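Chemist: Following this message is one structure expressed as structure tokens.
The values are calculated or read from the model by the stated rules, or taken from the named source; none is laboratory data. Bear in mind the structure is a predicted one, so any value in this text is a computation, not a measurement. Cβ placement follows ideal geometry from the backbone for every residue including glycine, while neighbour counts extend to all protein chains displayed. The protein model used for the area step is the full one, side chains on, heavy atoms only, and it has no ligands, DNA or RNA in it. Shrake-Rupley method; radii C 1.70, N 1.55, O 1.52, S 1.80 Å.
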Amino acid sequence: MGEFGKRALTGAAYVALTLGAAAIGPFTTWMLFLPVCLIGAREWHRLYWGESGEAPRVSYTVALAALVYLTVGILPMVPALRVGHAALLTFAMLVLLVFQLLRSGTAQPARVFSFHLGTTLYVAVPFAVAARMVSMDSRVFMGFMFLLWTSDTGAYLVGRSVGRTKLMPAVSPGKTWEGLMGGVALTMLVGWLLGRHWSVLSPSQWIAGATAVAITATLGDLLESAFKRAAGVKDSGTVLPGHGGILDRFDGYLLAAPAMLLVILVLA
């Protein structure tokens with residue numbers, strides 16, 4: 001099978017599993033994204049540290065991601081608990097990490113702490129947000145995914161057709177301002193359509209969420225490209241045929257999912 005065929009097959013499986021899990025319920029979504037989160041944490045460890053001898057153990061990174069994912073993804077589904085409880089417990093974990101970090105006497109405390117913070121906020125929390133949105137209503141998460149896919153597709157099509165002005169050539173030479181604007185416009189159109197037909201969120205929430213998703217998804221793509229460029233690697237991993245690693249497939253999602261949730265909560 002050629003490279004395009006692998007990408008198409010992997011993409012189709014990704015769409016089917018994501019939407020199917022959301023249709024069943026939040027726990028199914030949480031179970032689906034758990035291994036995704038843990039593999040993503042391993043890839044993040046590789047991107048950040050490379051061959052550095054100062055790196056914490058990979059098992060510690062995966063364990064931290066699992067704990068944060070459990071806290072943020074599962075606890076808000078318990079009727080007696082709320083998002084604030086999950087945030088408080090996540091903060092408590094970071095406090096314990098600081099204590100352990102200072103006690104260990106590492107030669108690079110700032111770099112290690114930044115890495116742990118990245119594991120928490122860049123990897124674990126965004127993947128846990130999926131189950132959180134499904135727990136509100138499966139259509140919230142499905143709509144978010146439609147917006148995310150529209151942003152990617154719209155930016156690609158418009159950028160390829162009329163793109164001339166480079167967005168950030170030092171990071172990703174292929175992205176243009178025209179592509180970004182086209183992606184934002186098409187995503188807002190889909191947000192407007194969702195607002196008319198899916199009343200689970202208000203029209204303003206859908207449109208504002210669409211705008212946030214289109215912008216942050218592009219930034220997430222660029223951010224991961226910058227990480228890979230700094231690490232000197234082409235892909236974050238090899239787990240997804242035709243796509244590379246988990247972080248390659250979910251680069252836009254990692255910033256867009258928390259942005260969508262924040263918009264929903266602020267405009268509630």
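Chemist: Which number in (1) of a type in the set (Phe, Trp, Tyr); (2) at pLDDT 90 or above; (3) farther than 24 Å from residue 149 by Cα marks the one condition that residue 33 misses?
Modeler: Every listed condition holds for residue 33 apart from (3).
Chemist: Another one. Modelled with pLDDT under 90, in contact with a Leu (Cβ under 8 Å, 6 or more places away or on another chain), farther than 26 Å from residue 46 by Cα and surrounded by fewer than 16 Cβ atoms within 10 Å (Cβ to Cβ), is that true of residue 89? Working first, answer last.
Modeler: Numbers: modelled with pLDDT under 90: yes; in contact with a Leu (Cβ under 8 Å, 6 or more places away or on another chain): yes; farther than 26 Å from residue 46 by Cα: yes; surrounded by fewer than 16 Cβ atoms within 10 Å (Cβ to Cβ): no.
It is false that residue 89 is modelled with pLDDT under 90, in contact with a Leu (Cβ under 8 Å, 6 or more places away or on another chain), farther than 26 Å from residue 46 by Cα and surrounded by fewer than 16 Cβ atoms within 10 Å (Cβ to Cβ).
Chemist: Say whether the condition of being of a type in the set (S, T, N, Q) and closer than 20 Å to residue 33 by Cα is met by at least one residue in the range 233-244. Lay out the reasoning, then the answer.
Modeler: Just the residues of the range 233-244 that are of a type in the set (S, T, N, Q), to begin with: 236, 238.
Cutting the leftovers down to closer than 20 Å to residue 33 by Cα gives us 236, 238.
Yes: one or more hits.
Chemist: What is the one condition in (1) within 25 Å of residue 247 (Cα to Cα); (2) at pLDDT below 90 that residue 69 does not satisfy?
Modeler: It is condition (2) that residue 69 fails.
Chemist: For residue 139, work out the one condition from (1) in contact with a Ser or Thr (Cβ under 7 Å, 6 or more places away or on another chain); (2) within 21 Å of residue 33 (Cα to Cα); (3) of a type in the set (Lys, Arg) it doesn't fulfil.
Modeler: (1) is the only condition that residue 139 fails.
Chemist: May I pose another question? Of the residues 123, 190, only one is modelled with pLDDT of 95 or more and touching a Gly at 6+ places or on another chain (Cβ under 7 Å); which?
Modeler: Numbers: 190 fails: touching a Gly at 6+ places or on another chain (Cβ under 7 Å).
On inspection, the qualifying residue turns out to be 123.
Chemist: Which one of the conditions (1) open to solvent by less than 50 Å² (accessible area, probe 1.4 Å); (2) at pLDDT 90 or above; (3) within 19 Å of the chain's Cα centre (by Cα) does residue 46 fail to meet, given that it meets all the rest?
Modeler: It is condition (1) that residue 46 fails.
Chemist: Determine whether residue 30 is closer than 17 Å to residue 230 by Cα and in a helix (DSSP H, G or I).
Modeler: Working: closer than 17 Å to residue 230 by Cα: no; in a helix (DSSP H, G or I): yes.
Judged against the criteria, residue 30 is not a match.
Chemist: Let me ask something else about it. So in the range 221-266, with the set limited to residues that are of a type in the set (A, V, I, L, M, F, W, C) and in contact with a Ser or Thr (Cβ under 6 Å, 6 or more places away or on another chain), which one is most open to solvent (accessible area, probe 1.4 Å)? Spell out the reasoning first.
Modeler: Pass one, the range 221-266, residues of a type in the set (A, V, I, L, M, F, W, C): 222-223, 226-227, 230-231, 233, 239-240, 246-247, 250, 254-257, 259-266.
With the extra rule that they be in contact with a Ser or Thr (Cβ under 6 Å, 6 or more places away or on another chain), the set shrinks to 222, 240, 247, 255-256, 259.
Numbers: 222: 7, 240: 38, 247: 0, 255: 57, 256: 0, 259: 17 Å².
My answer is 255.
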